[in-house]
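Data first, discussion second: the structure below is written as structure tokens.
The values are calculated or read from the model by the stated rules, or taken from the named source; none is laboratory data. Treat the numbers as computed from the prediction; the structure is a model and nothing was measured. Backbone-built Cβ (ideal geometry, glycine too); neighbour counts: all protein chains shown.
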Amino acid sequence: MRKTISKIKETGLQLLFPGRCPICDGIVRPFGRKICPECLPKLKPVTAPWCMRCGKKLAEEREYCGDCMHREHKYDRARTLYEYRDVAPSIYRFKYSGRQEYGDFFGEEMARLLGDFIGRVRPDVIVPVPLYRGKLRKRGYNQAACLARALGRSLELPVDEKLVKRVRNTAPMKHLNPTERQNNLKKAFIIGRNDVKLYDRIILVDDIYTTGTTLDEIAALLKEHGVSKVYCVTLACGSGV
């Protein structure tokens, strides 16, 4: 009965408030794929060869990208859905123009295209990278949490949005060098609850992977508290060098 009522509500909401295509931002038909049929071919998921550590697309067949060959990450492995340059306008609208519904489509695509990877690592839970409370208040939602919810719903995995908390507002990372990025994130995250038994294997979800500094910082924190494996999936990343 509850499922029936929930389905009726969902149907009504889709009719009253149709979603937007994550590529062209046009209104999409309700009950469909959440993307225009004409726009779907424009999405080019990352294909092999990719870096075996961070998942960045590589120009040639090799094991690691230039960054991962010279740097040890705290997380265990990461995979990404798209190259950033292919979806940059979409991600901008997703984060800064209130297009929260994009998270449903992209989270479902994560499940469809990265589900095999996630299944192999057997996570106990999905954890989104948290936003600082001031940014969350201003934006109204955490884009990583939107992705995590849709991913968890599609794969029938639990999502814990309170496990990790961001307690310091950090500077934008875009123009910082690696050392500045690390310093920027020092003591920016804490475990959000003291009374919780931490999970053994965790999937971290974020929107963009650049150098992996944020994911490393959170992975290190989780492992300090007993988590054995931390894997990551992101919506987009830059190309490997």
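Check the range 56-79 and report whether any residue there is in contact with a Ser or Thr (Cβ under 9 Å, 6 or more places away or on another chain) and either among the β-branched types (Val, Ile, Thr) or on the phi > 0 side of the Ramachandran plot (or both).
no
Out of (1) closer than 28 Å to VAL121 by Cα; (2) surrounded by 15 or more Cβ atoms within 10 Å (Cβ to Cβ), what's the single condition that is false for LEU176?
Every listed condition holds for LEU176 apart from (1).
Condition check ((1) acidic (Asp, Glu); (2) over 18 Å from VAL205 (Cα atoms); (3) under 17 Å from the mean Cα position of the chain (by Cα); (4) outside any loop (DSSP other than H, G, I, E, B)) across all residues:
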| site | (1), (2), (3), (4) |
| --- | --- |
| ARG33 | no, yes, no, no |
| ALA48 | no, yes, no, no |
| MET52 | no, no, no, no |
| CYS68 | no, yes, no, yes |
| TYR75 | no, no, yes, no |
| TYR82 | no, no, yes, yes |
| VAL87 | no, no, yes, yes |
| LYS95 | no, no, yes, yes |
| GLN100 | no, no, yes, no |
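Just one of (1) modelled with pLDDT under 95; (2) more than 20 Å from ARG112 (Cα to Cα); (3) touching a Cys at 6+ places or on another chain (Cβ under 7 Å) trips up CYS36, so point out which.
Only one criterion in (1) modelled with pLDDT under 95; (2) more than 20 Å from ARG112 (Cα to Cα); (3) touching a Cys at 6+ places or on another chain (Cβ under 7 Å) is unmet by CYS36, namely (2).
What residue, of ASP116, ASP104, is more than 20 Å from LEU215 (Cα to Cα), touching a Gly at 6+ places or on another chain (Cβ under 8 Å) and charged (D, E, K, R)?
ASP104 is the lone residue from the list that is more than 20 Å from LEU215 (Cα to Cα), touching a Gly at 6+ places or on another chain (Cβ under 8 Å) and charged (D, E, K, R).
Taking ARG112, is it basic (Lys, Arg), surrounded by 13 or more Cβ atoms within 10 Å (Cβ to Cβ), in contact with a helix residue (DSSP H, G or I) (Cβ under 7 Å, 6 or more places away or on another chain) and touching a residue at least 12 places away in the same chain (Cβ under 8 Å)?
Spelling it out, it is not the case that ARG112 is basic (Lys, Arg), surrounded by 13 or more Cβ atoms within 10 Å (Cβ to Cβ), in contact with a helix residue (DSSP H, G or I) (Cβ under 7 Å, 6 or more places away or on another chain) and touching a residue at least 12 places away in the same chain (Cβ under 8 Å).
If I filter the range 135-142 for residues that are in the same structural domain as ALA188 (by TED's automatic domain parsing), part of a loop (DSSP other than H, G, I, E, B) and surrounded by 13 or more Cβ atoms within 10 Å (Cβ to Cβ), do I get at least one hit?
Restricting attention to the range 135-142, the residues satisfying the condition of being in the same structural domain as ALA188 (by TED's automatic domain parsing) are 135-142.
Those still in the list that are part of a loop (DSSP other than H, G, I, E, B) too: 140-142.
When the remaining residues are screened for being surrounded by 13 or more Cβ atoms within 10 Å (Cβ to Cβ), the result is 141-142.
Within the range 135-142, one or more residues are in the same structural domain as ALA188 (by TED's automatic domain parsing), part of a loop (DSSP other than H, G, I, E, B) and surrounded by 13 or more Cβ atoms within 10 Å (Cβ to Cβ).
Restricting attention to the range 19-30, does a residue exist that is crowded, with 19+ Cβ neighbours inside 10 Å, assigned to a loop (DSSP other than H, G, I, E, B), under 20 Å from the mean Cα position of the chain (by Cα) and in the same structural domain as ILE202 (by TED's automatic domain parsing)?
Looking for residues that are crowded, with 19+ Cβ neighbours inside 10 Å, assigned to a loop (DSSP other than H, G, I, E, B), under 20 Å from the mean Cα position of the chain (by Cα) and in the same structural domain as ILE202 (by TED's automatic domain parsing), one finds none in the range 19-30, hence no.
Go over the candidates ARG166, ARG201, ARG193 one by one and state the one that is surrounded by 15 or more Cβ atoms within 10 Å (Cβ to Cβ) and more than 25 Å from CYS51 (Cβ to Cβ). Spell out how you get there, then give the answer.
Working: ARG201 fails: more than 25 Å from CYS51 (Cβ to Cβ); ARG193 fails: surrounded by 15 or more Cβ atoms within 10 Å (Cβ to Cβ).
From the options ARG166, ARG201, ARG193, the qualifying one is ARG166.
Matching residues to (1) at pLDDT below 95; (2) part of a loop (DSSP other than H, G, I, E, B); (3) not assigned by TED's automatic domain parsing to the domain that holds GLY107:
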site: LYS165; (1), (2), (3): no, no, no
site: ARG168; (1), (2), (3): yes, yes, no
site: ALA171; (1), (2), (3): yes, yes, no
site: LYS174; (1), (2), (3): yes, yes, no
site: ARG181; (1), (2), (3): yes, no, no
site: ASN194; (1), (2), (3): yes, yes, no
site: LYS197; (1), (2), (3): yes, yes, no
site: ALA220; (1), (2), (3): no, no, no
site: VAL230; (1), (2), (3): no, no, no
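Looking at (1) free of Cβ contacts under 8 Å to residues at least 12 places away in the same chain; (2) in contact with a Leu (Cβ under 7 Å, 6 or more places away or on another chain), which is the one condition that is false for LEU81?
Among (1) free of Cβ contacts under 8 Å to residues at least 12 places away in the same chain; (2) in contact with a Leu (Cβ under 7 Å, 6 or more places away or on another chain), the lone unmet condition for LEU81 is (1).
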